[in-house]
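The next block holds one structure in the form of structure tokens; read it before the comments.
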Amino acid sequence: TANFLEQHKEYCIIRQHQNYELVAARQSLSRGVCTNKLFDSNTRHFGHFIGHGNKSRLHLASYLWKNHKQQTLQSYHCDTREPYHKEFIGLEDLMFDLSISREQLRWAVDLLDHAPLKLESGVRYPIGPDQTFNITHYYSGFFVELVSLTFTTGRTFYVDEKIWRPVLMRTPFMVQGPTNLIPNLKRLGFRTFDQWWDEGYSQDPQDCQVPAMIENIKKLSLMSASDMELMYSEMTPVLDHNWHRLTELKAQDFAEVFGQ
């Protein structure tokens, strides 16, 4: 497993990082990606890029679609007409969550009615590391990435190209993922953004993370382009540190930090 928190009393668990995802990030770097940000009247506040859906992704994406559409660069490939996507829609899970209002359900239905939202054509499914770095040229046009990881339940620390991409592109991020994902990233030597927004959401159970992230999104959405540029300048040491940590990271670092 690539989950470095996996344990079992009976079975021998072999933990190994999926190094091909780091390789894909470095290959993108070798092609000369530009990590500069442009802050002007066209700058978006948020980037959110989703291949297939689930409950939490649908919740966050539909909130952004309804409330911050003009401030968000968003892809949402979920197509309710396609067999590949039907298993991952997440609408039924939202319907049975008592904390989700009928208004929020209507936002989700509206997003699904307009989906798939695609930035580029010719995408192959599932979207793997060989394709996920194809959108790096969009990163100059938005401030913070909202990352929705694949494996988010249970005692999990599994990071993949969805984390490596904003790190590679020197882009600040919030992550909807397993509980304590942010603290575990720090154990691996990365720095995050608790100086600028509340990262307590990462310690919440999965179903509580999106509402907490939305509170951060609401505050960030009020910022002007010059506000974002100033905050980004303040973050530069963190972004540079993470970029260098990514370039030096090795598969064995995971075993040394979390144990084998």
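Name the single residue, out of those in the stretch 1-58 being aromatic (Phe, Trp, Tyr) and either under 22 Å from ALA251 (Cβ atoms) or more than 19 Å from the chain's Cα centre (by Cα) (or both), that is surrounded by the fewest Cβ atoms within 10 Å (Cβ to Cβ). That would be TYR11.
Within the stretch 65-107, the set of residues being open to solvent by less than 30 Å² (accessible area, probe 1.4 Å), under 17 Å from CYS208 (Cα atoms) and either charged (D, E, K, R) or touching a residue at least 40 places away in the same chain (Cβ under 8 Å) (or both) comprises ASP97, ILE100.
Return the residues of the stretch 108-129 that are in contact with a Phe, Trp or Tyr (Cβ under 9 Å, 6 or more places away or on another chain), open to solvent by 70 Å² or more (accessible area, probe 1.4 Å) and not in a loop (DSSP other than H, G, I, E, B); say none if nothing qualifies. Residue satisfying the conditions is HIS114 alone. From the list THR179, THR236, the one residue that fits, being in a loop (DSSP other than H, G, I, E, B), open to solvent by 30 Å² or more (accessible area, probe 1.4 Å) and modelled with pLDDT of 95 or more, is THR179. Restricting the stretch 182-192 to residues that are in contact with a helix residue (DSSP H, G or I) (Cβ under 7 Å, 6 or more places away or on another chain) and among the hydrophobic types (A, V, I, L, M, F, W, C), the residue that is surrounded by the most Cβ atoms within 10 Å (Cβ to Cβ) is ILE182. In this structure, does SER221 turn out to be open to solvent by 10 Å² or more (accessible area, probe 1.4 Å) and touching a strand residue (DSSP E or B) at 6+ places or on another chain (Cβ under 6 Å)? Spelling it out, SER221 is indeed open to solvent by 10 Å² or more (accessible area, probe 1.4 Å) and touching a strand residue (DSSP E or B) at 6+ places or on another chain (Cβ under 6 Å). Could you tell me whether any residue of the stretch 169-176 is assigned to a loop (DSSP other than H, G, I, E, B), at pLDDT 95 or above, touching a Lys or Arg at 6+ places or on another chain (Cβ under 9 Å) and not hydrophobic (A, V, I, L, M, F, W, C)? Yes, because at least one residue in the stretch 169-176 is assigned to a loop (DSSP other than H, G, I, E, B), at pLDDT 95 or above, touching a Lys or Arg at 6+ places or on another chain (Cβ under 9 Å) and not hydrophobic (A, V, I, L, M, F, W, C).
Candidates are the residues of the stretch 133-170 that are over 14 Å from PHE49 (Cα atoms) and among the hydroxyl-bearing types (Ser, Thr, Tyr); the one that is most open to solvent (accessible area, probe 1.4 Å) is THR153.
The values are calculated or read from the model by the stated rules, or taken from the named source; none is laboratory data. These numbers come from a predicted model, not from an experiment. Positions of Cβ are backbone-derived with ideal geometry, glycine not excepted, and every protein chain shown enters the neighbour counts. Please note that ligands, DNA and RNA were not included when accessible areas were found on the heavy atoms of the full protein model with its side chains. Shrake-Rupley method; radii C 1.70, N 1.55, O 1.52, S 1.80 Å.
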